[in-house]
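The values are calculated or read from the model by the stated rules, or taken from the named source; none is laboratory data. Just so it is clear, the model here is predicted, and its values are computed rather than measured. Heads up, the Cβs are rebuilt from the backbone with ideal geometry, glycines too, and the neighbour counts pull from every protein chain shown.
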Amino acid sequence: MRLVAENLVKVYGDRVRTVALNGFGYTFHPGRCYAVVGPSGSGKSTLLYLLAGVETPTSGRVLLGDTVLSSLSDDERARLRALHFGFVFQRFYLLPYLNAADNLNVGLYLKTGRTDARRAAELLRTLGIEDPYRLPHEYSGGEQQRIAIARALMKDPAILLADEPTGNLDSANSRQIFRILKDVARAGRTVIVATHDADMAATCDVILRLRDGRLSGDHGL
Ligand SMILES: Nc1ncnc2c1ncn2[C@@H]1O[C@H](COP(=O)(O)OP(=O)(O)OP(=O)(O)O)[C@@H](O)[C@H]1O
Ligand SMILES: [Mg+2]
C-alpha cells in the first residue's frame with residue numbers, strides 16, 4: 001500500500017507557536033527504505049508521528065492506500081496502526097513491568113490476538129539479546145533500543161517507522177540494524193527511518209532532507 005503525505009503542516013502550542021512541519025508532501029512506496037535526515041528540530045519525529053497517525057496534522061492529509069488517517073476516529077486509527085504499522089520510538093517506550101519477550105508480544109497480540117514466545121526469543125537473539133526474560137531497566141540503553149526494534153519487527157508490519165533507531169548503538173550494531181531495516185524493505189515493506197547518521201542514511205534507497213519542516217534539495221527516485 002502506498003503511504004501518501006499531502007502538504008502536511010503541524011503547529012504546536014497556542015501562545016508560543018512552533019511550526020514543526022511546514023508543507024511536507026511525498027509518496028512512499030512499498031519495497032523501499034527511506035532515510036529522513038535533517039538538523040535537530042527540523043521535524044523528523046513529527047513527520048513520523050503524523051505518518052503513523054499518532055498525531056494529527058494541523059492541515060494536510062496522510063493516506064494509507066485510499067484511507068485518509070485523519071478521517072478515522074481515534075479508535076479506528078489505533079486499530080489501523082495495530083494492523084499495519086510498526087514504530088520504533090526515539091525514546092523506546094518499552095513497557096517497564098513486562099519482560100523483553102512480553103514487550104515484543106504486545107504488538108503481535110494487538111494485531112492478531114495471539115502471542116508467540118518462541119518467535120520473540122528468536123528475534124531477540126538475532127538482535128544480540130540472549131536473555132529475553134529481564135525487565136527493560138535490567139538491560140543497557142543499547143540493548144533496550146534493540147528490544148524496541150525487535151518489538152516493531154515482531155508483527156511484520158507493512159509500514160515500519162523508526163526514529164533514530166541507532167542513536168544508542170556502536171557502529172557495528174548500527175550497521176546490523178540498517179541491514180535488517182533494508183531486508184525488511186526488500187521483503188516488500190515500506191521502511192522510513194529518521195537518522196542523524198549520514199553514513200547509514202547513504203545506504204538507504206532514498207534520502208529525504210528536511211529543513212525547517214519541509215523537504216529541501218534533490219531526492220532520489
Ligand atoms: N509536543 C510538542 N510541543 C511543542 N513543540 C514541539 C512538540 N514536539 C515537537 N515540537 C517542536 O517541533 C519542532 C520539530 O521537532 P521534532 O521532534 O520533529 O524534530 P526532530 O527533527 O525530530 O529533532 P531531533 O533530531 O532533535 O530528534 C521542534 O522545534 C520541537 O521543539
Ligand atoms: Mg526526533
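Quick notes on this structure:
- For the range 156-177, the candidate set comprises residues that are under 21 Å from V54 (Cα atoms), part of a loop (DSSP other than H, G, I, E, B) and touching a helix residue (DSSP H, G or I) at 6+ places or on another chain (Cβ under 7 Å); within that set, the residue that is nearest to ligand 1 (Cβ to nearest atom) is P165.
- Any hit, the range 36-52, residues being part of a loop (DSSP other than H, G, I, E, B), more than 10 Å from ligand 1 (Cβ to nearest atom) and either over 14 Å from the mean Cα position of the chain (by Cα) or within 14 Å of V193 (Cβ to Cβ) (or both): yes
- So V36, is it over 18 Å from R189 (Cβ atoms), within 16 Å of ligand 2 (Cβ to nearest atom), at pLDDT 95 or above and surrounded by 14 or more Cβ atoms within 10 Å (Cβ to Cβ): no
- Some residue of the range 57-67 being in contact (Cβ under 8 Å) with a residue 60 or more places away in the chain, assigned to a loop (DSSP other than H, G, I, E, B) and crowded, with 19+ Cβ neighbours inside 10 Å: no
- For the range 172-199, the set of residues classified as free of Cβ contacts under 8 Å to residues at least 12 places away in the same chain, more than 14 Å from L127 (Cα to Cα) and either of a type in the set (G, A, S) or within 16 Å of ligand 2 (Cβ to nearest atom) (or both) consists of A187 only.
- Filter result for L80 (more than 22 Å from A187 (Cα to Cα), out of contact with any Phe, Trp or Tyr (no Cβ under 8 Å at 6 or more places or on another chain), among the aliphatic types (A, V, I, L, M) and away from ligand 2 (no atom under 16 Å from the Cβ)): no
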